[in-house]
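Peer 1: Here's a structure for you.
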Amino acid sequence: MTKEEAESGRDDMVIDGDEKANAVPEGFDANYLRIYYGKLFPHADMFKWMSYGNDGKHPACDRSYIGRREFSFTLENDIYIRFQSFNSVTELENSIKEKCPFKIDIGPVYSVDPAKRHAYAQGGGDNVFTPVERELVFDIDITDYDDVRYCCTGADVCLECWPLMTIAIKVIDTALRDDFGFNHILWVYSGRRGVHCWVCDGKARRLTNEQRAAIADYFRVYKGNENSHKKISLPGPVLHPFLARSYTEVLKGFFEAKMLPNQNLLSCQERYEKILEMIPDASVASELRGRWQENKRASMSKDDINLVRWEQLKSVLQSGKQKTQGLRRCVEEVVFSFTYPRLDMEVSKHMNHLLKAPFCVHPKTGRVCVPIDPNNCDEFDPTTVPTLSQLVKELNRGGLRQDAENEWDGTSLGESVKFFRTSFLQPLLKSCKEEIESSYNAKLQQSKNTLNW
Amino acid sequence: MEVVQSHRKSSSNNVIVSTLPLYRSAPPLEVRLEDFELFAMDRLRVLKGISDGLSRGKKPEEMEKLIADLWKAHMRHPQANEEANKDIISHFVLRLVYCRTEELRKWFLSMETTLFRYRFRFESSEAQRALMSEFKLPYKAVSNAEFESVKDKLGQVARSMGQTLVATDAIFYKVPFEEVPELVAGRRVFIHKGHAYVAMNQVVSLVVTQFRSYLSKALILTNRKWTSTVREQEKDRMTPIVEALCTSYLGPDYSQPSEVGEISLKDIDQISKTSFPLCMRHLFEKVREDHHLKHGGRMQLGLFLKGVGLKLDDALAFWKAEFAPKVSAERFDKEYAYNIRHSYGREGKRTDYTPYSCQKIISSTPGVGDHHGCPYRHFSEENLRVALVRMGVSSRAVEDVMDKVRNRLYQNSPRLWMNLALLCQFQESNDVVNKQGVQEHNVAEFQGQAVAVSAVFQWGNLNF
């Protein structure tokens, strides 16, 4: 529910003085947005996506399907309308163009058209108004990493800390495909400081809340806030294959090559204390502390001081002398606590959670929520994502076009729409069609069999 | 009637478990009316005993013994087939008693599932396999060839849980991961391309999930049938017995909040120091300090304040005033007031939400920036100690609490902790913990406010 989303501390911690987040960026206003919805927003693609192949062309299509999907609009002046539903692409497009919502959220597919919900009971009984399908979604926000990044805080993001999102994508995407067997996964830039993930396989859409919670828990490693000390606990003599793979393929390399030196995690006492705090053995911690306090100024080699100290820490903790399991595991725990993805569990656990639609424009940054290619996520740069004003300028420069249909093609948005279509939408629709056909054929076969005597 | 006969098995506790019914259909047996009630009462003693054991935080081995003892004490019958009948009949009678409300259904479901889980574990592996096929579980035994290819990963998973994989007699089943959410959540299985590789000893989880899901649906159907037809039909025979069973064992009904007194805004500060349990006190202090709380904290504290008698208008004034340094009045009205009114049942589907039970609070998952949850569970040892000392708990009592927390006894009667806090305000020198380890105090001894607070918490704990 957007209200809850808004209250979860994301947008409401703005205090006077934080001008950067508050200021309306150049050119974000309802008029520009109107042009965007008029010429650039991919209404038809979004509609096709949400229909999941139920376009009426096959006898087995469920014609009520798309009309049972909830959309919600946040209008100018924070007016918020829920339970919007549409039966055709024209209805969807006209409603968006007319209302010009600052934000569009997508909710679940309900048992009945949300517009008719008052006629049905809630909770228990046969005639209920309840979610029946919803993509498996994830929301990762960089403000949840504020305790491990020193370059920015709050709503800011830069190229130093953005890679934390990149590795989160890598870890989760690999697990969704290899472990859970999902194929139709869309990663989207949230417009300011995070990423969303939409898992659209039929199996994913039909998961119950309990099953979603199980997947979220499978991904959960970081458990903490300022009240607890040890936020990562990796018990057991070895790691689960999922954690081990994430560590060796993604986290370790990133931590040692990028995060340590870029964030200067061991360069000064205030920072290295945080890491020393994670070592359960006080004598080991003080041994390292002693060494580092001595060598404060001496530069022993040309190598980055963070890397040098990390090697020292590793060799002390992983040396043969250490008897306790906990100590050897400590190195991984440090790496995990800095780099492992921090998901918002509540977003994933409930079918009725509303999530912002891709291709919306973020009202505070003016940036479009464009898809991210998980296979090339290293290349993604949040600071160069097209903005609303930039796109409108491009449109104006482009002049009149013959083809009023694909106006986005001549703009910076073109790449994103094309990627959305070829890498995500087309394979998804193909698979949906196949599913519809094969279940139809199976039913036909079944009824043939029962008729045979 | 579906009854699975397994061979008689003698465990080291001298418990002979001969049948494990799945309760799929009501037995077409003739039941004497007296037996109707007696059987149900015996089974209820078993279920209550289980409930008690769980809330005391007993470990699995202890629960195993407890359940075996309870069953032996109450459910035995000299004739084996009579024992099976009693088992089935008592289950179905209790379904009638416990189907009426969501709260009752939840409790019954939880206890019956626990009972089933442990009884299943007592069964031999052949019997277990037979039961699995009864459930028509979509599992496939893993072929030798496939086993070889995933053996390493399976071993890794086992070792990550501190177990070893004995390759020679390891039987694994391949199931769609959605069938075993518990195992997935705890990362206790290897998952590949949507399939989970479940060890034989984890099969219990599979089966129990099925049992639970079936019983959950059955209870709703039972409720419907009861209210629509049976209750009226049976009003001269079964109905009075069923209703008597309900009231005699359910204890006080705290679902009527009107019994609780009221709290006014000016008293809140004082009361928070004298009567709030630690979790609420922490939240209260944080909101005073930060002039903000994230959603989880607002719900936990907000509903608690409602439960102890803070009226809606006072609640709105309280939160608005607290947030004022950070949130303008207009913004408050726009972004927060609606949800507060919603909690009080004035918006949306108008549910009069009730405060969270300790169970729910303990099992919540506070994340970055959150302050809700149960301090005995979620705080680090150091922070918990500091919080207790600040409350004025004597150092000996603090150590005692820390000891219990370390042994994960926070699940043992959360009233203890609240009582601890209250007691420490008034009687520091008292020996709070007697030799058995737990002493339940009558909180009504203390000020009226304390009674209000504790009433909310007692009701939150399902103590029937």
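Peer 1: Within the stretch A:215-224, identify whether any single residue is in contact with a Pro (Cβ under 9 Å, 6 or more places away or on another chain) and more than 14 Å from every other protein chain (Cβ to nearest Cβ), and answer yes or no. Steps first, answer last, please.
Peer 2: First pass over the stretch A:215-224, keeping only residues in contact with a Pro (Cβ under 9 Å, 6 or more places away or on another chain): A:215, A:217, A:219, A:221-224.
Then keep just the ones that are more than 14 Å from every other protein chain (Cβ to nearest Cβ); that gives none.
Looking for residues that are in contact with a Pro (Cβ under 9 Å, 6 or more places away or on another chain) and more than 14 Å from every other protein chain (Cβ to nearest Cβ), one finds none in the stretch A:215-224, hence no.
Peer 1: Residue by residue through the stretch A:347-388, note down the ones that are touching a residue at least 40 places away in the same chain (Cβ under 8 Å), of a type in the set (D, E, K, R) and surrounded by fewer than 20 Cβ atoms within 10 Å (Cβ to Cβ).
Peer 2: Applying the first criterion (touching a residue at least 40 places away in the same chain (Cβ under 8 Å)) to the stretch A:347-388 yields A:347-374, A:377-378, A:380-383, A:385, A:387-388.
Okay, now just the ones that are also of a type in the set (D, E, K, R), so A:349, A:356, A:364, A:367, A:373, A:378, A:381.
Within the stretch A:347-388, A:K349, A:K364, A:D373, A:D378, A:D381 meet the criteria.
Peer 1: Now for a different question. Which is out of contact with any Asp or Glu (no Cβ under 8 Å at 6 or more places or on another chain), without any contact (Cβ under 8 Å) to a residue 12 or more places away in the chain and acidic (D, E), of B:E182, B:E178?
Peer 2: Values: B:E182 fails: without any contact (Cβ under 8 Å) to a residue 12 or more places away in the chain.
Checking each option against the conditions leaves just B:E178.
Peer 1: Please count how many residues of the stretch B:368-378 are at pLDDT 80 or above and either outside any loop (DSSP other than H, G, I, E, B) or open to solvent by less than 20 Å² (accessible area, probe 1.4 Å) (or both). Don't jump to the end; show me each part of the working.
Peer 2: The initial filter retains those residues of the stretch B:368-378 that are at pLDDT 80 or above, namely B:368-375, B:378.
Keeping just the survivors that are either outside any loop (DSSP other than H, G, I, E, B) or open to solvent by less than 20 Å² (accessible area, probe 1.4 Å) (or both) gives B:371, B:373-375, B:378.
Selection size over the stretch B:368-378: 5.
Peer 1: Filter the stretch B:387-402 down to residues that are over 17 Å from B:F276 (Cα atoms) and at pLDDT 75 or above and give me whichever is farthest from the other protein chains (Cβ to nearest Cβ).
Peer 2: At the first step, the residues of the stretch B:387-402 found to be over 17 Å from B:F276 (Cα atoms) are B:394-402.
Retained after the next criterion (residues that are at pLDDT 75 or above): B:395-396, B:398-399, B:402.
Values: B:S395: 21, B:R396: 24, B:V398: 17, B:E399: 19, B:M402: 15 Å.
Among them, the one singled out is B:R396.
Peer 1: Which one of A:I169, A:I142 is surrounded by 22 or more Cβ atoms within 10 Å (Cβ to Cβ) and more than 14 Å from every other protein chain (Cβ to nearest Cβ)?
Peer 2: On the way: A:I142 fails: more than 14 Å from every other protein chain (Cβ to nearest Cβ).
After applying the criteria, what remains is A:I169.
Peer 1: Need the failing condition index for A:L276 against (1) hydrophobic (A, V, I, L, M, F, W, C); (2) away from chain B (no Cβ under 14 Å); (3) in contact (Cβ under 8 Å) with a residue 60 or more places away in the chain; (4) touching a Ser or Thr at 6+ places or on another chain (Cβ under 9 Å), just the number.
Peer 2: The one condition A:L276 does not meet is (3).
Peer 1: Next question, about the same structure. Taking the stretch B:135-155 on its own, how many of its residues are part of a helix (DSSP H, G or I) and surrounded by fewer than 16 Cβ atoms within 10 Å (Cβ to Cβ)?
Peer 2: So in the stretch B:135-155, the residues part of a helix (DSSP H, G or I) come out as B:144-155.
This time we only want the ones that are surrounded by fewer than 16 Cβ atoms within 10 Å (Cβ to Cβ), so: B:144-146, B:148-149, B:151-152.
Counting residues in the stretch B:135-155 that are part of a helix (DSSP H, G or I) and surrounded by fewer than 16 Cβ atoms within 10 Å (Cβ to Cβ) gives 7.
Peer 1: Could you run through the stretch B:103-113 and say how many residues are of a type in the set (S, T, Y) and open to solvent by 20 Å² or more (accessible area, probe 1.4 Å)? If you could, list the steps in order and put the result at the bottom.
Peer 2: Initial filter on the stretch B:103-113 (of a type in the set (S, T, Y)): B:110, B:113.
In the following step, the residues that additionally are open to solvent by 20 Å² or more (accessible area, probe 1.4 Å) were identified as B:110.
The number of residues fulfilling the criteria is 1.
Each row is one residue, and each column tells you yes or no for (1) away from chain A (no Cβ under 12 Å); (2) under 30 Å from A:V148 (Cβ atoms); (3) of a type in the set (A, V, I, L, M).
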site	(1), (2), (3)
B:L305	yes, no, yes
B:G309	yes, no, no
B:K326	no, yes, no
B:N339	no, no, no
B:S343	yes, no, no
B:S364	no, yes, no
B:V368	no, yes, yes
B:S380	no, yes, no
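Peer 1: Looking at A:C268 and the list (1) farther than 14 Å from A:Y150 by Cα; (2) over 30 Å from the mean Cα position of the chain (by Cα), which single condition is not satisfied?
Peer 2: Failing condition for A:C268: (1).
Peer 1: I need a count of the residues in the stretch B:25-45 that are part of a helix (DSSP H, G or I) and of a type in the set (S, T, N, Q).
Peer 2: Residues of the stretch B:25-45 that are part of a helix (DSSP H, G or I), as a first pass: B:33-45.
Going one step further and asking which of them are of a type in the set (S, T, N, Q), we end up with none.
Qualifying residue count, the stretch B:25-45: 0.
Peer 1: Quickly run through the stretch A:179-204 and pick out the residues that are charged (D, E, K, R) and away from chain B (no Cβ under 12 Å). Working first, answer last.
Peer 2: Kept after step one, since they are charged (D, E, K, R), are these residues of the stretch A:179-204: A:179, A:192-193, A:201, A:203.
Listed by number, the residues that qualify are A:R192, A:R193.
Peer 1: Going through the stretch B:23-80 one residue at a time, which ones are open to solvent by less than 50 Å² (accessible area, probe 1.4 Å) and β-branched (V, I, T)?
Peer 2: Within the stretch B:23-80, B:V46, B:I50, B:I67 qualify.
Peer 1: Moving to a separate point now. State the number of residues belonging to the stretch A:402-453 that are at pLDDT below 85, open to solvent by 90 Å² or more (accessible area, probe 1.4 Å) and within 17 Å of A:D45 (Cα to Cα).
Peer 2: Counting residues in the stretch A:402-453 that are at pLDDT below 85, open to solvent by 90 Å² or more (accessible area, probe 1.4 Å) and within 17 Å of A:D45 (Cα to Cα) gives 1.
Peer 1: With the structure loaded, tell me whether A:Y247 is within 14 Å of another protein chain (Cβ to nearest Cβ) and surrounded by 22 or more Cβ atoms within 10 Å (Cβ to Cβ) or whether it fails that test. Before you say what the answer is, go through the steps one by one.
Peer 2: Values: within 14 Å of another protein chain (Cβ to nearest Cβ): yes; surrounded by 22 or more Cβ atoms within 10 Å (Cβ to Cβ): no.
In short, no.
Peer 1: Hey, another quick one. Run down A:L159, A:L207 and say which single residue is out of contact with any strand residue (DSSP E or B) (no Cβ under 8 Å at 6 or more places or on another chain), assigned to a loop (DSSP other than H, G, I, E, B) and either at the interface with another protein chain (Cβ under 9 Å from one of its Cβ atoms) or open to solvent by 10 Å² or more (accessible area, probe 1.4 Å) (or both).
Peer 2: Working: A:L207 fails: out of contact with any strand residue (DSSP E or B) (no Cβ under 8 Å at 6 or more places or on another chain).
Every option except A:L159 fails the conditions.
The values are calculated or read from the model by the stated rules, or taken from the named source; none is laboratory data. Since we're looking at a predicted model, the values are computed, not measured. Neighbour counts are summed over all protein chains in view; Cβ atoms, including those assigned to glycine, are modelled from backbone coordinates with ideal geometry. Only protein heavy atoms, including side chains, enter the accessible area calculation; ligands, DNA and RNA are left aside. Shrake-Rupley method; radii C 1.70, N 1.55, O 1.52, S 1.80 Å.
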